[in-house]
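Report on the following structure.
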Amino acid sequence: MDLLIKNALINNRNQNLLIHKGLIEYIGTETPAAREVFDAGGLLLIPAVIDPHTHIRDLGQAEKEDWLSASKAARKGGVAVVFDMPNTKPPTIDLQTLELKRQAAKKATVHARFNIAATAHNYDKVQEILKTKPADVTALKIFFAGSNDKEFLTDKDLIKKYFELSLKYDIPVMIHTEWQPCVEKHQKLFEHPTIFDHNKIRHPECALKGTEIAAQIAAETGNKVVIAHTSVAGELEIIKSYKKKARLYCEVTPHHLFLNKEILEKAGNFGKVNPPLRSKKDNEALWQGIMDGTVDYIGTDHAPHTLEEKLGPYPSAPSGFPGLETNLRLLLNEVYKENLDLERLIELTSSKAAEIFGLEGFGKIKEGAVAALTLIDPEKKWKIKAEDFETKAKYSPYEGMQGYGDVVKIFI
Ligand code: NCD
Ligand code: ZN
Ligand code: ZN
């Protein structure tokens with residue numbers, strides 16, 4: 001169906017935009033005929049968010065989230081494309097489990113992509129998947145440390161083999177770089193840990209260690225490697241220096257930018273996440289990375305768990321919290337406060353991810369591109385109230401935060 005979006009601020013000019021069969025057919029000041037017309041009232045139209053890091057949990061953990069609730073949350077947060085992480089029940093480890101995911105994702109109302117688990121046990125299966133040249137598979141995912149479950153890979157020879165596979169099939173590897181032996185070493189020091197020890201158990205040096213290892217192997221191999229949820233100042237230094245000799249990319253989450261361990265007094269386990277919330281100094285270093293270009297894109301690490309689980313004692317409460325509905329708001333508020341350029345926001349939330357993961361036609365507003373667009377009111381006031389979330393995970397460490405700049409509508 002043809003849709004004409006009239007009177008929108010597009011690439012700094014007030015223009016009209018025609019969508020035909022899911023593509024942008026026309027942008028300009030003329031008013032082409034269309035079956036449906038939407039008056040944008042002069043509001044801002046940007047490429048919809050691409051989120052390469054979400055945990056959707058349909059199938060075996062649908063009580064935490066399913067494709068319908070995740071889609072609603074994504075749409076509310078201005079997100080048109082989500083990459084589903086593989087640490088689900090069942091995990092995405094072979095063609096069969098990938099197929100199950102594809103079936104479950106049929107009820108999605110956003111674009112679904114899949115990241116595949118590259119573990120200590122499924123190298124052949126990963127190869128088998130890649131041989132089918134699946135257009136909906138965006139990355140391989142390696143956990144260097146267990147994160148909620150116990151699956152991790154620290155065998156450097158096998159890591160290298162996966163990197164070589166990544167090069168051969170031109171598909172990025174995303175890495176949770178906290179290093180398991182390091183986490184275990186620190187864990188031993190705490191007999192009765194509380195949430196305030198989370199950042200000491202999953203110590204900053206563990207993320208540094210794994211990021212250094214990933215960067216080294218990336219430089220040797222020449223494949224695309226994404227450091228997921230970069231959280232420590234020193235990781236930025238490592239990434240910056242290796243970018244000259246490796247195809248190394250840096251993902252940052254909104255929570256490592258906007259929150260630090262001080263919030264735990266108030267948020268308790270709602271702020272339990274891996275890697276942990278760090279220090280104010282780390283927040284500042286990540287913002288510096290946003291400004292100097294070291295950070296490539298923002299991934300939400302939307303990681304829903306049940307309220308009941310999160311209200312349990314620290315050791316049993318799972319790590320992770322929802323992020324799809326808060327990310328763009330938080331970033332738009334930085335644009336409102338003139339701390340962040342709109343152009344840089346678009347790079348961080350869509351265009352750079354489209355480039356890294358090869359999502360053709362996404363992440364830009366031009367004729368011929370995919371019509372995945374988010375309409376923004378840059379001055380609309382918001383306040384975070386988790387009970388109003390679309391995700392099933394109705395709690396948030398951002399509870400009560402306020403700002404300006406919000407999503408009005410999404411076109412997918
Ligand atoms: C994630 C989850 O719940 O799946 N949790 C988290 O704290 N980030 C796992 C992960 O991405 O490490
Ligand atoms: Zn992770
Ligand atoms: Zn994650």
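The values are calculated or read from the model by the stated rules, or taken from the named source; none is laboratory data. Being a predicted model, the structure only gives us computed values, none of them experimental. No Cβ is skipped: glycine too gets one built from the backbone with ideal geometry, and neighbour counts run over all protein chains shown. Side chains are part of the model used for accessible areas, which takes the heavy atoms of the whole protein and leaves out ligands, DNA and RNA. Shrake-Rupley method; radii C 1.70, N 1.55, O 1.52, S 1.80 Å.
Restricting attention to the stretch 220-241 and to residues that are within 16 Å of ligand 1 (Cβ to nearest atom) and assigned to a loop (DSSP other than H, G, I, E, B), the residue that is farthest from PHE83 (Cα to Cα) turns out to be VAL232. Being among the hydroxyl-bearing types (Ser, Thr, Tyr) and under 22 Å from THR374 (Cα atoms) is true for just one of THR92, THR119, THR109, THR88. Which residue is that? The conditions single out THR109. Looking across the stretch 242-270, the residues that are part of a loop (DSSP other than H, G, I, E, B) and without any contact (Cβ under 8 Å) to a residue 40 or more places away in the chain come down to LYS244, LYS245, ALA246, ASN260. Residue pairs whose Cβ atoms lie under 7 Å apart, sitting 6 or more positions apart in sequence or on different chains, and linking a residue in the stretch 136-147 that is among the hydroxyl-bearing types (Ser, Thr, Tyr) to a partner that is within 12 Å of ligand 3 (Cβ to nearest atom), are THR138/PRO52; THR138/PHE83; THR138/ASN115; SER147/HIS176; SER147/ASN274; SER147/SER319.
Can you name the residue in the stretch 385-412 that is outside any strand (DSSP E or B) and under 29 Å from ILE5 (Cα atoms) and is also least open to solvent (accessible area, probe 1.4 Å) among such residues? Of everything passing the filter in the stretch 385-412, THR391 is least open to solvent (accessible area, probe 1.4 Å). Checked against (1) assigned to a helix (DSSP H, G or I); (2) open to solvent by 10 Å² or more (accessible area, probe 1.4 Å), PRO313 meets all criteria but (1). When the residues of the stretch 171-194 are filtered to those that are farther than 27 Å from LYS89 by Cα, of a type outside the set (A, V, I, L, M) and assigned to a loop (DSSP other than H, G, I, E, B), the one that is farthest from ligand 1 (Cβ to nearest atom) is GLU191.
Please return the ranges of strands (runs of 3 or more DSSP E) entirely within the stretch 23-129 where 2 or more residues are open to solvent by less than 50 Å² (accessible area, probe 1.4 Å) and within 20 Å of ALA139 (Cβ to Cβ).
Here the list reads 49-54, 79-84, 111-117.
None of ILE298, ILE239 is surrounded by 22 or more Cβ atoms within 10 Å (Cβ to Cβ), within 16 Å of ligand 2 (Cβ to nearest atom) and among the β-branched types (Val, Ile, Thr) except ILE298. Just name the residue that is farthest from ligand 3 (Cβ to nearest atom) out of those in the stretch 133-157 that are under 18 Å from the mean Cα position of the chain (by Cα) and aliphatic (A, V, I, L, M). Per the stated criteria, the residue is VAL137.
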